[in-house]
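Let me begin by presenting the structure, written as structure tokens, before commenting on it.
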Amino acid sequence: MYGKLCFLASVLLSMSTVDLAMAASGGANIAVYWGQNGSEGTLGETCGTGLYAYVNLAFLSTFGAGRAPVLNLADHCDAPSGTCASLAADIASCQAAGVKVLLSIGGGALGYNLSSPSDARDLAAYLWDNFLGGEGATGAPRPLGDAVLDGVDFDIESPSRFYDDLARNLASLYTRAPRPPRWGKTTYLLTAAPQCPYPDASLAAALATGLFDHVWVQFYNNPPCQYAAAPGDASALRSAWQQWTAGLPASTVFLGLPASLEAANSGFVDADTLASQVLPMVEGAANYGGIMLWSRSYDKDSSFSVKLQAALQNRNKPTGTTLLFFLRGRICKWLTFVYSDFLIQYVVLHYYPGQLRFYN
Ligand SMILES: *[C@@H]1O[C@H](CO)[C@@H](O)[C@H](O)[C@H]1NC(C)=O
Ligand SMILES: *[C@@H]1O[C@H](CO)[C@@H](O)[C@H](O)[C@H]1NC(C)=O
């Protein structure tokens, strides 16, 4: 009985508010990158659209091998002079709305690498102290003020060793969470954005630790494993998807896509084709998590995720009630169990009192 109650509770509580709302409406969980274009709107507006479950702040683009870490949010703010601290209010509003906000390290500019296990340990401590639950060993101002982010995203696009050490060091720091963990488990996440050729040249060792909660695979700028728009061929994507979902049983896997034709050199799939042709093929994986989009800037211009959520809601019209039926089914099963247990005890107690010791 306790197990069943636990299962019901865990189904409900393991989903963020946004996840639950998306599931109820038949839409997708969308993770989006924000930060590389000032005209994409503020972080608060981005979360306020209600379209996204995860926002990755892009990027901590400089770190490792003796470099001082630098947060680069393009023309949104200037971290070295302290102006990014004003994002703390937006981050709090995102989190209050159930949107997880992560710091993405790496990116396309390649001003980073790790030189040794101790370099990885130092970076983990820096991230913990400056963006997560740590106190700030040096007392230096935190780049995002008093914001406590929900985790770290690895967007590593240049092969180097020691990212597995970084993941293990972060996971170990996460267990120290000084803020009260919600629902009895740590609230900090590890996520990663590998390229779709499997295994990924930069992140294979890190992913092999099994420590990543969500992995948003980039199915773009990678013709050997992405959707081929002309002639509309999903077979390369399908076989890569099967490798990724089978290879990461402990993670949920997201389909990473460009939010418009301009957002990548190749790999764009329009929202209707995605909803009708591609998603039915990928959603069957037990660890399917949702969609990742590069990036908020392109999504704002193209309304890709607005169209996608609408297409999915049409496709899944009865799904709002499906969730209710699912939950009702769970609750009923549990009540039936409790009731039958009670009934047996009642019968035994009244008609076969001498047998009670056997039943118990
Ligand atoms: C930022 O977005 C605007 C509007 O979508 C676009 O015109 C501009 O080229 C983008 N800038 C960069 C640096 O990507
Ligand atoms: C890391 O980058 C530094 C500076 O660019 C370089 O000298 C070093 O060889 C790189 N180390 C690794 C392990 O890639």
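Is there a residue in region 229-238 that is touching a Gly at 6+ places or on another chain (Cβ under 9 Å) and at pLDDT below 95? The answer is yes, given that some residue of region 229-238 is touching a Gly at 6+ places or on another chain (Cβ under 9 Å) and at pLDDT below 95.
Looking only at residues that are surrounded by 15 or more Cβ atoms within 10 Å (Cβ to Cβ) and in a helix (DSSP H, G or I) in region 74-87, which one is nearest to ligand 1 (Cβ to nearest atom)?
Out of the qualifying residues, it is Ala74.
Among residues belonging to region 49-68 that are farther than 18 Å from Val32 by Cβ and part of a loop (DSSP other than H, G, I, E, B), point out the one that is nearest to ligand 1 (Cβ to nearest atom). For region 49-68, the residue satisfying everything is Ala65. Of all residues in region 93-150, which are part of a helix (DSSP H, G or I) and acidic (Asp, Glu)? Of everything in region 93-150, those that are part of a helix (DSSP H, G or I) and acidic (Asp, Glu) turn out to be Asp119, Asp122, Asp129. Residues in region 173-201 that are in a helix (DSSP H, G or I) and modelled with pLDDT of 95 or more: 0 in all. Within region 188-210, residues that are of a type outside the set (Lys, Arg) have Cβ atoms under 6 Å from residues that are modelled with pLDDT under 95 and not in a loop (DSSP other than H, G, I, E, B) in these pairs: Tyr188/Tyr174, counting only partners at least 6 apart in sequence or on another chain. Only one of the numbered conditions (1) in contact with a Gly (Cβ under 6 Å, 6 or more places away or on another chain); (2) under 20 Å from Leu189 (Cβ atoms); (3) at pLDDT 95 or above is violated by Asp129, and that is (3).
Scanning region 152-162 for any residue that is within 27 Å of Thr252 (Cα to Cα), buried (at least 20 other Cβ atoms within 10 Å of the Cβ) and modelled with pLDDT under 95 turns up nothing. With a requirement of 1 or more residues that are away from ligand 1 (no atom under 16 Å from the Cβ) and within 22 Å of Ala240 (Cβ to Cβ), the helices (runs of 4 or more DSSP H) lying completely within region 263-315 that satisfy it span 279-282, 304-315. In the condition set (1) more than 16 Å from ligand 1 (Cβ to nearest atom); (2) among the hydroxyl-bearing types (Ser, Thr, Tyr); (3) buried (at least 16 other Cβ atoms within 10 Å of the Cβ), Ser115 is compliant with all but (3).
The values are calculated or read from the model by the stated rules, or taken from the named source; none is laboratory data. Here the structure is a predicted model, which is why all the values come from computation and not from measurement. Backbone-built Cβ (ideal geometry, glycine too); neighbour counts: all protein chains shown.
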